[in-house]
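Just below is one structure, and these are the notes that go with it.
A short reminder: the numbers here are calculations on the coordinates, not readings from a lab. None of the values given here were measured: they were computed from a predicted structure. A quick note on method: Cβ atoms are made from the backbone with ideal geometry, for glycine too, and the neighbour counts reach across all protein chains shown.
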Amino acid sequence: MAAGRAGAGCWQRALWLSRRCRLQAGPESYRCSSSSTALGKAVDSSEVTEEEIVLPRRKTWNKLAVLQTLASTVNRDPTAAHYMFQDDPFLMPRNAANSRLYSLSKESGRNAAKYIVKNFPQYFDKTFAEPNVPCLMPETLTPQTEGVSEEALKERIKLRRVKESVDIFDQLVQAGTPLSLETTNSLLDLLCFYGDEESTSENEEEAKKDLEEPGVNASEEKAPKRQFQRGLQSSGPRWRDNNHAERIFKIMPERNAHSYCTMIRGMVKHGAFAKAYDMYIDLLNERHKADVHTFNALIRAAPILKEKFTERWELTKEFLTHMAQQEVQPNLLTFNAVLKALRRCGGVGRSMALLVVKEMEALDIEPSLATYDHLLSIFYRGVDLPPSGIISEVLDEVEKRSFTPQDPDDANFFSTAMQVCCDLKDIKLAYRLNKGMEKGDNWKFLDMDRLNGYWSKFFSLLCMMEQIEVVLKWYKEMSPSLFYPTPKNILDLLQALDAANQLEVIPAVWEDVKQLGFTRRQELLEEFLSLMSRDQHPDEIQLAFAKCAEDIKAAHEPAGREQVPLEWTGSTLGNVVVLFSRAGRTQDAWNMMELFQQTNRIPTDKVMNEFLNCAKQTNCPEESIKLVKLAASLGLPSSHRLKSRTEEEFELSEIQKKTLESIKWDGDSSDSDSSDSDSDRE
Amino acid sequence: MAARAGLWGRAGLWCGEGLSLAGLSRAGLCCRPGPGGVPAAPCWGRAAYSSVPAVSDREGPQQREASIRRRGRTPQSVRSSAPPRTERMAVDQDWSSVYPTAAAFKPASVPLPIRMGYPVKRGVPPPKEGNLELIKIPNFLHLTPPAIKKHCAALKDFCTEWPSALDSDEKCEKHFPIEIETVDYVSSGTSIRNPKARVVTLRVKLSNLNLDDHAKKKLVKLVGERYCRETDVLTIVTDRCPLRRQNYDYGMHLLTVLYHESWKTEKWESEKSEEDMEEYIWENSRSQKNALDTLLRIKASENVSDVTEDELLASEAVKNYRNSVIALKNEGETEGNMSQYKESVKKLLNIPA
């Protein structure tokens, strides 16, 4: 409600409910009848009509259902930026870099607020909200129990104070206080999770990662994802030799399976794969059983432990057989880990992957998007792969279901699949994939960066394969609201426009390019100029082109103190001159001609002819004489021909004729070859 | 026309600059165009090209340079506004996606040429861009009729079917005579509670209660001003309990108690005298006695002796007289009532007009 903005003082009547109760207690009992039975004898209504009234049962739904239904009536607004940004022309992001920066700043602002709330809880002691919202209130982060005791240790573990917990543990051990196995295990959990580093630094890093994932899908898959990424991409703290976790593990009087599993998982997570394997052997020697998560971690580590493809697969198989022996039920993540390992097994992977998927089906485990992602990577990534139709089968499966995040790698699927579609140059597959992506909540798998990548790939494919009308329609639909085109996308679009012979759209595209801030991309400017100057167009289009040329010219001129202007190249200069000439802007064209001399470039014959035509049309003999002078000073072979043309086509005054005659010829060479090519043109 | 003028204006500038440049380069003083002469840096190119009118293009290079300096040391870092997105909006766009929820007025998103505010002297109200007056007022851009239709269609699943037997208001009233009214409130404050939401209004038509004359009169006397004589509706508003449910229960309790209380006849009610009556009743009143008395004596004087009181009461003249007296007593002395009374008395006493 707009008036609601005014604040708490302004309430609105949301619902004016008025209902009726019956007085008479009929055979059935109704909502209000219990309180009105006392009036039972009141109304003498006919029993016949009474029976006919069937009151419907009250419907119940969850708290968000109404909001979700209302939200489903809203579609994407093609002209707006993402909803998280301010809807204001000044504050809206212009390009991908901008939008990334803005979303990051928004998140960091949020984190700053969280930091203040966490570190200064004393200022947030009032509960204004009614009912109270606990998650908005500061948590207690300072330990409450003092002294050295098992209780204090437990509390610090709960608060994730790595250093303090280790200190208290050491003091307790020195004092000879016996510690329960559970407490020690939970301390190990803490140490292994954070890789023996203070959790605050982890927090900051977490915060950084948070930033990369915009709102929607971040919360759902944050925790496991980070953990896994850490494990395989060596970011985050590395496992150091003999760190606190190992030390504590060694001095533990008794160890159970949980201690071993925690250690293995921690080692895999922080990149100590060989150690993890040794630890696993120890676990087997101690006749303990590992749990499914430990096996998942070990399977993920398998490709790094061995060199050869077959050895890798053998090791993976070994873990799987151990699982069967220890009667551990595999879950979805196990199979995803196996497939992920198979990605790094080359040909073995391709032969085994489908068997693994079959096994999943046999065990009645529904594959997640990560499963399909791994499959696609196995079958399409790499060189010289035999063609396979697996993508269409995968798409069949994907189209049938709406997915929920289960595996951190789920998020990669849509970008991978789109990449495969691009590689196959199959627009039909891409359309199918896009449909699957828009189905249900699947769009949540694409975060800001992946979204941009996904759509720019899709758009490139569209430019390559589709009719220009369809491309332009998509371009209009997607451009600011879904993704920001990359320079490559613009090049693709230009090529598509060229192929469809729709060059009159170029000024509009140029406007977009200006908004996107690509005015300083040399390759883009050259493409624009060469397309615009290639053919002669009707006057209106030429005028619009000349405007674009003016913008491009501005990009080449010194603007700010800190910005180096772009270098003129011969072709860009020539094209700008041609565009100005065709639009009849002789003066502008001449200014550009002068730049040839200043930047030591040579104008082509075509450029000079265009300029001369322009001068003739606007009747500027001065300019043509200047041109001849310029050509002469540059020693161009075509200057003689230009001179003769000037003499023939313009009505020159006496002075002008004299000036023309007085031009010195530097290069007195013959212009036979150039006159040949000229005769073709005229 | 404006665009054309701008174009020509700019072209003029370019010509002038070109000439001066040519002069400079001939003199060999300078081989690059001075920064001041450039119409605009590419970054804020748009502002300089299209929105600044042609006149300002003619301002001297020094002035331009000064303006660059004013705006900041590095003009490249100065952001310009993008063109408002209304320019790109399709004519048949889905408006409810542009304004999905309540939001302040956004001039760049509302493709309407709105003006608002105090007009300048001999002018028009200011346009929408940067117009505070438009942001201040509440808008209903998110609640357009199509949007509401969409919402209703989407919310249909949450509704139960209306009982088909209750197809008219009369039937509703007949089967469900008690009407309960409550109000929910929303606001964007920190609290979702509103003290006014606890108020419960209960309405019932007295004719729907099983009351005899005595009970009804007693009930009306008990409830006082809560009863509306014209519509025959008893309204009980309860707000003394902190919760709505409690207020509802209390209202139902009040109604029950009132009903039973009005059916009771206390001992002292027999002492009710004429002054305590709620309305004038002619039967057995002194007026009836006097009228009959007079009539009987008239009859006696006319030697018609076989007339009983009952016959007299059934006669037209007496009935008329009764009605007019009742009207006079119950409704007050209006002109109509008085003349009616006069006529009936004349008829009763057989006085020729």
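See the values below:
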quantity: Modelled FRET efficiency - R0 56 Å, B:Leu313 with A:Arg20, Cβ distances, 0.05 increments; calculated: 0.80
quantity: Computed FRET value (nearest 0.05) for A:Ala71 with A:Glu622, which takes r as the C-beta separation and R₀ as 51 Å; calculated: 0.15
quantity: Separation of the B:Glu271 and B:Ser191 label points, Cα + 7 Å toward Cβ, nm; calculated: 5.1
quantity: Label-reachable residues, the stretch A:53-85, where backbone N falls under 18 Å from a point 7 Å from B:Ser164's Cα toward its Cβ; calculated: A:53-57
quantity: Cleavage-rule hits (GluC sites (Glu not before Pro)) in the stretch B:285-349: DSSP loop, at most 11 neighbouring Cβ within 10 angstrom; calculated: B:Glu302, B:Glu333
quantity: 18 Å Cα-Cα reach of B:Lys136 towards lysines, excluding residues that sit fewer than 8 places from it in its own chain; calculated: B:Lys106, B:Lys128
quantity: Reach of A:Lys547 by Cα under 18 Å, taken over lysines that are not fewer than 8 positions away in the same chain; calculated: A:Lys514
quantity: Loop sites in the stretch B:108-168: trypsin sites (Lys or Arg not before Pro), DSSP, at most 13 other Cβ within 10 Å; calculated: B:Lys121, B:Arg122
quantity: Rounded if a/c under 1.5, otherwise prolate or oblate - the stretch B:226-346, Cα gyration tensor axes; calculated: prolate
quantity: Whole-number percent relative contact order across the stretch B:176-265, with pairs defined as alpha carbons under 8 Å at least 6 apart; calculated: 32
quantity: Near-label residues of the stretch A:538-558 by backbone N, under 15 Å of a point 7 Å along Cα→Cβ of A:Gln522; calculated: A:556-557
quantity: Dipole magnitude of the stretch A:414-521 about its Cα centre (Cβ charges: Lys, Arg +1; Asp, Glu -1), debye to nearest 20; calculated: 220
quantity: Sites B:Arg115 and B:Ile135, calculated FRET efficiency, Cβ-Cβ separation with R0 25 Å, nearest 0.05; calculated: 0.95
quantity: Proximal aspartates and glutamates relative to A:Lys118, as straight alpha-carbon distance under 14 Å, when same-chain residues fewer than 8 apart are discounted; calculated: A:Glu139, A:Glu204
quantity: The stretch A:476-555 - charge dipole about Cα centre, Lys and Arg +1 at Cβ, Asp and Glu -1, debye rounded to 20; calculated: 300
quantity: Listed residue pairs exceeding 25 Å between alpha carbons, taken from B:Lys218/B:Lys319; A:Lys308/A:Lys340; A:Lys163/A:Lys306; A:Lys435/B:Lys156; calculated: B:Lys218/B:Lys319; A:Lys163/A:Lys306; A:Lys435/B:Lys156
quantity: Sparse-neighbour loop sites [trypsin sites (Lys or Arg not before Pro); the stretch A:63-164; at most 12 other C-beta within 10 Å; DSSP]; calculated: A:Lys63, A:Lys126
